[in-house]
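Accompanying notes for the structure given below.
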(Lines give C-alpha, C1' and ligand atoms only; values in the text may rest on other atoms or scores of the structure.)
Protein backbone atom coordinates (compact mmCIF):
# COMPACT_ATOMS: atom_id res chain seq x y z
CA UNK A 1 0.00 0.00 0.00
CA UNK A 2 1.55 3.29 -1.16
CA UNK A 3 1.22 6.76 0.36
CA UNK A 4 0.90 9.75 -1.99
CA UNK A 5 1.27 13.42 -1.11
CA UNK A 6 -0.71 16.10 -2.94
CA UNK A 7 -1.83 19.61 -2.14
CA UNK A 8 -5.57 18.95 -2.49
CA UNK A 9 -7.69 15.81 -2.33
CA UNK A 10 -11.21 15.99 -3.76
CA UNK A 11 -13.57 13.24 -2.57
CA UNK A 12 -16.33 12.50 -5.05
CA UNK A 13 -16.59 12.89 -8.83
CA UNK A 14 -20.17 14.08 -9.22
CA UNK A 15 -21.15 17.58 -10.36
CA UNK A 16 -19.50 19.28 -7.41
CA UNK A 17 -16.29 17.23 -7.50
CA UNK A 18 -15.78 17.65 -11.24
CA UNK A 19 -16.43 21.38 -10.97
CA UNK A 20 -13.81 21.62 -8.22
CA UNK A 21 -11.37 19.60 -10.34
CA UNK A 22 -11.84 21.94 -13.29
CA UNK A 23 -11.07 25.00 -11.19
CA UNK A 24 -8.12 23.32 -9.47
CA UNK A 25 -6.59 22.73 -12.90
CA UNK A 26 -7.06 26.40 -13.73
CA UNK A 27 -5.05 27.39 -10.66
CA UNK A 28 -2.04 25.58 -12.09
CA UNK A 29 -2.08 22.55 -9.80
CA UNK A 30 -0.81 19.51 -11.68
CA UNK A 31 -3.32 16.66 -12.06
CA UNK A 32 -2.19 13.64 -10.08
CA UNK A 33 0.58 15.38 -8.18
CA UNK A 34 -0.98 18.70 -7.18
CA UNK A 35 -4.47 17.33 -6.74
CA UNK A 36 -6.42 14.11 -7.13
CA UNK A 37 -10.11 13.18 -7.23
CA UNK A 38 -11.06 10.01 -5.37
CA UNK A 39 -14.39 8.48 -6.38
CA UNK A 40 -16.09 5.53 -4.74
CA UNK A 41 -18.13 4.46 -7.78
CA UNK A 42 -17.06 1.99 -10.43
CA UNK A 43 -17.66 4.44 -13.27
CA UNK A 44 -18.39 8.10 -14.08
CA UNK A 45 -21.71 9.75 -13.40
CA UNK A 46 -21.85 10.48 -9.70
CA UNK A 47 -25.29 9.83 -8.22
CA UNK A 48 -26.85 10.11 -11.67
CA UNK A 49 -25.61 6.66 -12.68
CA UNK A 50 -27.78 5.15 -9.92
CA UNK A 51 -31.06 6.82 -10.90
CA UNK A 52 -33.83 4.47 -11.84
CA UNK A 53 -33.90 3.49 -15.54
CA UNK A 54 -37.43 4.81 -16.07
CA UNK A 55 -36.35 8.36 -15.19
CA UNK A 56 -36.14 9.76 -18.71
CA UNK A 57 -34.28 12.94 -19.57
CA UNK A 58 -37.53 14.77 -20.36
CA UNK A 59 -38.70 14.31 -16.76
CA UNK A 60 -35.54 15.73 -15.20
CA UNK A 61 -35.29 19.34 -14.14
CA UNK A 62 -32.07 20.75 -12.82
CA UNK A 63 -29.29 19.39 -15.06
CA UNK A 64 -26.79 22.20 -15.38
CA UNK A 65 -23.70 22.54 -17.52
CA UNK A 66 -20.38 21.72 -15.93
CA UNK A 67 -17.94 24.64 -16.19
CA UNK A 68 -16.28 24.97 -19.56
CA UNK A 69 -18.34 22.38 -21.43
CA UNK A 70 -22.11 22.55 -22.10
CA UNK A 71 -24.37 19.56 -21.63
CA UNK A 72 -25.01 18.31 -25.18
CA UNK A 73 -28.52 18.06 -26.63
CA UNK A 74 -29.94 14.75 -25.45
CA UNK A 75 -32.66 12.29 -26.33
CA UNK A 76 -35.62 13.09 -24.06
CA UNK A 77 -36.82 9.48 -24.33
CA UNK A 78 -33.59 7.90 -23.10
CA UNK A 79 -32.76 7.35 -19.40
CA UNK A 80 -31.18 10.35 -17.73
CA UNK A 81 -28.69 8.06 -15.98
CA UNK A 82 -27.16 7.01 -19.29
CA UNK A 83 -26.90 10.48 -20.78
CA UNK A 84 -25.62 12.35 -17.74
CA UNK A 85 -23.08 9.60 -16.98
CA UNK A 86 -21.79 9.79 -20.55
CA UNK A 87 -21.50 13.57 -20.21
CA UNK A 88 -19.50 13.26 -16.99
CA UNK A 89 -17.24 10.63 -18.55
CA UNK A 90 -16.53 12.86 -21.52
CA UNK A 91 -15.86 15.79 -19.22
CA UNK A 92 -13.27 13.83 -17.24
CA UNK A 93 -11.49 12.94 -20.48
CA UNK A 94 -11.70 16.38 -22.06
CA UNK A 95 -10.11 18.14 -19.09
CA UNK A 96 -7.84 15.23 -18.15
CA UNK A 97 -9.07 15.21 -14.58
CA UNK A 98 -7.15 12.82 -12.29
CA UNK A 99 -10.07 10.69 -11.13
CA UNK A 100 -9.15 7.48 -9.33
CA UNK A 101 -11.86 4.86 -8.93
CA UNK A 102 -13.19 2.87 -7.31
CA UNK A 103 -11.56 4.36 -4.22
CA UNK A 104 -13.61 4.46 -1.04
CA UNK A 105 -12.44 6.91 1.59
CA UNK A 106 -12.73 5.41 5.07
CA UNK A 107 -11.48 8.26 7.27
CA UNK A 108 -9.84 11.68 7.18
CA UNK A 109 -7.59 12.58 10.09
CA UNK A 110 -5.39 15.48 11.04
CA UNK A 111 -1.63 14.90 11.25
CA UNK A 112 0.80 16.51 13.69
CA UNK A 113 2.51 18.29 10.79
CA UNK A 114 -0.72 20.08 9.82
CA UNK A 115 -1.50 17.92 6.81
CA UNK A 116 -4.49 15.63 6.42
CA UNK A 117 -4.39 11.85 6.23
CA UNK A 118 -6.94 10.50 3.76
CA UNK A 119 -7.33 6.79 4.44
CA UNK A 120 -8.94 4.67 1.75
CA UNK A 121 -9.51 1.01 0.98
CA UNK A 122 -6.40 1.17 -1.22
CA UNK A 123 -3.52 3.62 -1.35
CA UNK A 124 -3.27 6.34 1.28
CA UNK A 125 -3.05 10.09 0.63
CA UNK A 126 -1.89 13.16 2.50
CA UNK A 127 -3.01 16.65 1.59
CA UNK A 128 -2.86 20.25 2.72
CA UNK A 129 -6.54 20.80 1.96
CA UNK A 130 -9.61 18.73 1.19
CA UNK A 131 -12.74 19.34 -0.88
CA UNK A 132 -15.53 16.99 0.12
CA UNK A 133 -18.04 16.39 -2.66
CA UNK A 134 -19.64 13.11 -1.59
CA UNK A 135 -23.25 14.26 -1.88
CA UNK A 136 -26.03 12.27 -0.25
CA UNK A 137 -26.94 9.27 -2.45
CA UNK A 138 -25.02 6.77 -0.31
CA UNK A 139 -26.86 7.88 2.84
CA UNK A 140 -30.57 7.13 2.35
CA UNK A 141 -32.62 8.17 5.36
CA UNK A 142 -34.93 5.57 6.90
CA UNK A 143 -37.14 7.10 9.62
CA UNK A 144 -38.10 4.95 12.56
CA UNK A 145 -41.72 4.08 13.24
CA UNK A 146 -42.99 1.57 15.81
CA UNK A 147 -43.45 -1.87 14.32
CA UNK A 148 -41.30 -1.34 11.25
CA UNK A 149 -39.37 -4.55 11.82
CA UNK A 150 -42.62 -6.53 12.08
CA UNK A 151 -43.79 -5.72 8.54
CA UNK A 152 -44.09 -8.91 6.48
CA UNK A 153 -44.09 -7.18 3.12
CA UNK A 154 -41.25 -5.47 1.30
CA UNK A 155 -39.66 -2.17 2.31
CA UNK A 156 -37.38 -0.21 -0.01
CA UNK A 157 -36.00 3.28 -0.38
CA UNK A 158 -35.86 5.61 -3.35
CA UNK A 159 -32.21 4.56 -3.70
CA UNK A 160 -33.36 0.95 -4.31
CA UNK A 161 -36.07 1.76 -6.85
CA UNK A 162 -35.47 0.34 -10.34
CA UNK A 163 -38.86 0.81 -12.00
CA UNK A 164 -42.59 0.19 -11.57
CA UNK A 165 -42.90 -3.35 -12.95
CA UNK A 166 -42.07 -5.08 -9.68
CA UNK A 167 -45.07 -3.38 -8.04
CA UNK A 168 -47.64 -4.82 -10.42
CA UNK A 169 -50.76 -5.85 -8.53
CA UNK A 170 -49.32 -4.83 -5.17
CA UNK A 171 -50.74 -2.49 -2.51
CA UNK A 172 -48.10 0.20 -2.09
CA UNK A 173 -47.70 2.87 0.58
CA UNK A 174 -45.43 5.71 -0.55
CA UNK A 175 -43.92 7.78 2.28
CA UNK A 176 -42.53 11.26 1.63
CA UNK A 177 -43.52 14.68 0.34
CA UNK A 178 -40.74 15.49 -2.12
CA UNK A 179 -40.36 15.43 -5.88
CA UNK A 180 -39.07 11.85 -5.91
CA UNK A 181 -42.15 10.64 -4.02
CA UNK A 182 -44.43 12.23 -6.60
CA UNK A 183 -42.40 10.86 -9.51
CA UNK A 184 -42.45 7.33 -8.12
CA UNK A 185 -46.13 7.57 -7.25
CA UNK A 186 -46.83 8.52 -10.84
CA UNK A 187 -45.07 5.39 -12.11
CA UNK A 188 -46.17 2.88 -9.49
CA UNK A 189 -49.82 3.95 -9.59
CA UNK A 190 -50.13 2.80 -13.21
CA UNK A 191 -49.46 -0.85 -12.29
CA UNK A 192 -50.19 -1.23 -8.56
CA UNK A 193 -53.46 -2.59 -7.22
CA UNK A 194 -53.62 0.42 -4.89
CA UNK A 195 -51.35 3.28 -3.82
CA UNK A 196 -51.53 5.35 -0.64
CA UNK A 197 -49.51 8.54 -0.26
CA UNK A 198 -48.55 9.68 3.25
CA UNK A 199 -46.53 12.72 4.30
CA UNK A 200 -45.56 14.28 7.62
CA UNK A 201 -46.82 17.71 6.53
CA UNK A 202 -49.42 18.67 3.94
CA UNK A 203 -47.59 19.08 0.61
CA UNK A 204 -47.38 22.63 -0.71
CA UNK A 205 -48.03 22.75 -4.43
CA UNK A 206 -46.64 25.77 -6.24
CA UNK A 207 -48.61 27.06 -9.21
CA UNK A 208 -46.25 29.91 -10.07
CA UNK A 209 -43.10 29.30 -12.07
CA UNK A 210 -39.94 28.58 -10.10
CA UNK A 211 -38.01 31.77 -10.75
CA UNK A 212 -34.87 33.50 -9.60
CA UNK A 213 -36.49 35.13 -6.58
CA UNK A 214 -37.86 31.86 -5.18
CA UNK A 215 -34.57 30.11 -5.88
CA UNK A 216 -32.61 32.76 -4.00
CA UNK A 217 -35.01 32.54 -1.07
CA UNK A 218 -34.53 28.77 -0.88
CA UNK A 219 -30.74 29.03 -1.00
CA UNK A 220 -30.69 31.84 1.56
CA UNK A 221 -32.77 29.84 4.03
CA UNK A 222 -30.52 26.78 3.79
CA UNK A 223 -27.41 28.97 3.94
CA UNK A 224 -28.68 30.58 7.12
CA UNK A 225 -29.07 27.13 8.68
CA UNK A 226 -25.55 25.91 7.92
CA UNK A 227 -23.95 29.22 8.95
CA UNK A 228 -25.64 28.72 12.32
CA UNK A 229 -24.36 25.15 12.56
CA UNK A 230 -27.73 23.51 11.97
CA UNK A 231 -28.18 20.56 9.60
CA UNK A 232 -29.37 21.71 6.16
CA UNK A 233 -33.08 21.23 5.61
CA UNK A 234 -35.07 20.11 2.60
CA UNK A 235 -35.20 22.49 -0.36
CA UNK A 236 -38.73 21.28 -1.11
CA UNK A 237 -39.72 22.60 2.29
CA UNK A 238 -38.91 26.08 0.95
CA UNK A 239 -39.84 25.85 -2.72
CA UNK A 240 -42.83 23.52 -2.65
CA UNK A 241 -43.81 21.14 -5.45
CA UNK A 242 -44.29 22.64 -8.92
CA UNK A 243 -47.68 21.96 -10.47
CA UNK A 244 -46.79 20.33 -13.77
CA UNK A 245 -49.20 18.82 -16.32
CA UNK A 246 -48.30 15.42 -14.86
CA UNK A 247 -49.25 16.54 -11.35
CA UNK A 248 -52.58 17.82 -12.65
CA UNK A 249 -53.26 14.40 -14.20
CA UNK A 250 -52.32 12.66 -10.95
CA UNK A 251 -54.69 14.91 -9.04
CA UNK A 252 -57.52 14.07 -11.41
CA UNK A 253 -56.86 10.36 -10.88
CA UNK A 254 -56.86 10.80 -7.10
CA UNK A 255 -53.27 9.56 -6.78
CA UNK A 256 -52.29 12.67 -4.80
CA UNK A 257 -55.07 12.35 -2.21
CA UNK A 258 -52.60 12.46 0.65
CA UNK A 259 -52.97 11.11 4.19
CA UNK A 260 -51.00 12.23 7.25
CA UNK A 261 -48.20 9.86 8.10
CA UNK A 262 -49.21 6.76 10.05
CA UNK A 263 -48.45 6.21 13.74
CA UNK A 264 -47.23 2.64 13.52
CA UNK A 265 -46.52 -0.22 11.13
CA UNK A 266 -48.18 -3.59 11.54
CA UNK A 267 -47.25 -6.93 9.94
CA UNK A 268 -49.82 -6.33 7.19
CA UNK A 269 -49.94 -2.58 6.72
CA UNK A 270 -49.89 0.81 8.41
CA UNK A 271 -52.15 2.15 11.17
CA UNK A 272 -53.15 5.45 12.75
CA UNK A 273 -54.03 6.24 16.35
CA UNK A 274 -57.60 7.12 15.32
CA UNK A 275 -58.20 3.53 14.17
CA UNK A 276 -57.56 3.98 10.44
CA UNK A 277 -55.74 1.04 8.83
CA UNK A 278 -54.35 0.62 5.30
CA UNK A 279 -53.25 -2.86 4.21
CA UNK A 280 -49.96 -2.93 2.31
CA UNK A 281 -47.65 -5.31 0.49
CA UNK A 282 -44.90 -2.72 -0.02
CA UNK A 283 -43.72 0.40 1.80
CA UNK A 284 -41.69 2.70 -0.44
CA UNK A 285 -39.69 5.17 1.65
CA UNK A 286 -39.13 8.38 -0.36
CA UNK A 287 -37.77 10.04 2.74
CA UNK A 288 -34.67 11.68 1.38
CA UNK A 289 -30.99 11.43 2.10
CA UNK A 290 -28.42 12.79 4.51
CA UNK A 291 -24.99 14.20 3.73
CA UNK A 292 -22.41 11.42 3.38
CA UNK A 293 -19.85 12.74 5.85
CA UNK A 294 -19.09 9.80 8.15
CA UNK A 295 -15.49 9.62 6.90
CA UNK A 296 -14.92 13.13 8.31
CA UNK A 297 -15.94 12.09 11.83
CA UNK A 298 -12.33 11.87 13.16
CA UNK A 299 -11.99 15.63 12.53
CA UNK A 300 -14.77 16.45 15.02
CA UNK A 301 -16.49 18.99 12.77
CA UNK A 302 -20.08 18.48 13.93
CA UNK A 303 -21.59 20.64 16.64
CA UNK A 304 -23.91 19.52 19.46
CA UNK A 305 -26.96 19.63 17.18
CA UNK A 306 -25.36 17.45 14.53
CA UNK A 307 -24.70 20.25 12.04
CA UNK A 308 -21.43 21.67 10.75
CA UNK A 309 -20.95 25.43 11.00
CA UNK A 310 -20.11 26.76 7.55
CA UNK A 311 -18.90 30.01 6.01
CA UNK A 312 -19.70 29.55 2.35
CA UNK A 313 -18.05 26.23 1.47
CA UNK A 314 -15.46 26.44 4.25
CA UNK A 315 -15.87 24.60 7.53
CA UNK A 316 -15.47 27.24 10.23
CA UNK A 317 -13.75 24.81 12.62
CA UNK A 318 -11.09 23.82 10.05
CA UNK A 319 -10.10 26.08 7.15
CA UNK A 320 -8.51 23.14 5.33
CA UNK A 321 -11.90 21.49 4.78
CA UNK A 322 -14.47 22.60 2.21
CA UNK A 323 -17.87 21.01 1.63
CA UNK A 324 -19.33 21.39 -1.85
CA UNK A 325 -22.69 20.02 -2.86
CA UNK A 326 -23.70 20.49 0.77
CA UNK A 327 -26.38 22.75 2.21
CA UNK A 328 -27.07 25.70 -0.11
CA UNK A 329 -24.88 24.21 -2.85
CA UNK A 330 -26.80 20.90 -2.98
CA UNK A 331 -28.01 21.50 -6.54
CA UNK A 332 -26.37 21.24 -9.92
CA UNK A 333 -25.95 24.97 -10.43
CA UNK A 334 -25.08 25.46 -6.76
CA UNK A 335 -22.43 22.75 -6.94
CA UNK A 336 -20.73 24.51 -9.85
CA UNK A 337 -20.52 27.79 -7.97
CA UNK A 338 -19.40 26.06 -4.79
CA UNK A 339 -16.60 24.27 -6.63
CA UNK A 340 -15.16 27.55 -7.81
CA UNK A 341 -15.63 29.24 -4.43
CA UNK A 342 -13.88 26.41 -2.60
CA UNK A 343 -10.93 26.47 -4.98
CA UNK A 344 -10.58 30.25 -4.63
CA UNK A 345 -10.27 29.92 -0.85
CA UNK A 346 -7.91 26.96 -1.07
CA UNK A 347 -5.83 28.89 -3.57
CA UNK A 348 -5.34 31.60 -0.92
CA UNK A 349 -4.54 28.96 1.72
CA UNK A 350 -1.84 27.41 -0.48
CA UNK A 351 -0.54 30.71 -1.84
CA UNK A 352 2.41 31.13 0.56
CA UNK A 353 3.81 27.80 -0.61
CA UNK A 354 2.85 28.02 -4.28
CA UNK A 355 2.50 31.69 -5.16
CA UNK A 356 -0.31 30.83 -7.57
CA UNK A 357 -1.19 33.39 -10.22
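The table below lists the values:
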| quantity | calculated |
| --- | --- |
| Residues satisfying the stated conditions in region 87-114, i.e. buried (at least 17 other Cβ atoms within 10 Å of the Cβ), over 18 Å from residue 24 (Cα atoms) and touching a residue at least 24 places away in the same chain (Cβ under 8 Å) | 103, 105, 108 |
| Among residues of region 49-70, those that are at pLDDT below 85 and within 23 Å of residue 138 (Cα to Cα), counted | 6 |
| Evaluation of residue 70 against (1) touching a strand residue (DSSP E or B) at 6+ places or on another chain (Cβ under 8 Å); (2) exposed (fewer than 14 other Cβ atoms within 10 Å of the Cβ) (one fails), failing number | (1) |
| Residue list for region 142-178, filter: closer than 17 Å to residue 53 by Cα and surrounded by 18 or more Cβ atoms within 10 Å (Cβ to Cβ) | 157, 158, 159, 161, 164, 167 |
| Residue match in region 57-64 (condition: assigned to a helix (DSSP H, G or I), touching a residue at least 40 places away in the same chain (Cβ under 8 Å) and within 20 Å of the chain's Cα centre (by Cα)) | yes |
| First in region 192-213 and more than 16 Å from residue 177 (Cα to Cα) and assigned by TED's automatic domain parsing to the domain that holds residue 277, second anywhere and at pLDDT 95 or above and surrounded by fewer than 11 Cβ atoms within 10 Å (Cβ to Cβ), Cβ under 8 Å, 6 or more apart | 192/169; 193/169 |
| In region 230-241, residue farthest from residue 59 (Cα to Cα) [restricted to those that are crowded, with 17+ Cβ neighbours inside 10 Å and at pLDDT 75 or above] | 230 |
| Residue within region 23-42 that is under 26 Å from residue 185 (Cβ atoms) and part of a loop (DSSP other than H, G, I, E, B) present | no |
| Residue within region 141-149 that is over 30 Å from residue 343 (Cβ atoms), in contact with a helix residue (DSSP H, G or I) (Cβ under 7 Å, 6 or more places away or on another chain) and in contact (Cβ under 8 Å) with a residue 40 or more places away in the chain present | no |
| Some residue of region 158-173 being within 22 Å of residue 271 (Cβ to Cβ), at pLDDT 95 or above and either in a loop (DSSP other than H, G, I, E, B) or within 20 Å of the chain's Cα centre (by Cα) (or both) | yes |
| Hits in region 92-120 (condition: over 19 Å from residue 317 (Cβ atoms), more than 20 Å from the chain's Cα centre (by Cα) and either part of a strand (DSSP E or B) or not assigned by TED's automatic domain parsing to the domain that holds residue 8 (or both)) | 100, 119, 120 |
| Any chance residue 282 is at pLDDT 95 or above, over 24 Å from residue 132 (Cα atoms) and touching a strand residue (DSSP E or B) at 6+ places or on another chain (Cβ under 9 Å) | yes |
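Results for (1) in contact (Cβ under 8 Å) with a residue 40 or more places away in the chain; (2) surrounded by fewer than 24 Cβ atoms within 10 Å (Cβ to Cβ); (3) not assigned by TED's automatic domain parsing to the domain that holds residue 79, shown as yes or no for each residue.
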residue: 8; (1), (2), (3): yes, no, no
residue: 18; (1), (2), (3): yes, no, no
residue: 22; (1), (2), (3): yes, yes, no
residue: 25; (1), (2), (3): yes, yes, no
residue: 33; (1), (2), (3): no, yes, no
residue: 39; (1), (2), (3): yes, no, no
residue: 46; (1), (2), (3): yes, no, no
residue: 49; (1), (2), (3): no, yes, no
residue: 52; (1), (2), (3): yes, yes, no
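The values are calculated or read from the model by the stated rules, or taken from the named source; none is laboratory data. Nothing here was measured: the structure is a model prediction, and the numbers come from that model. Cβ atoms come from the backbone with ideal geometry, glycine included; neighbour counts cover every protein chain shown.
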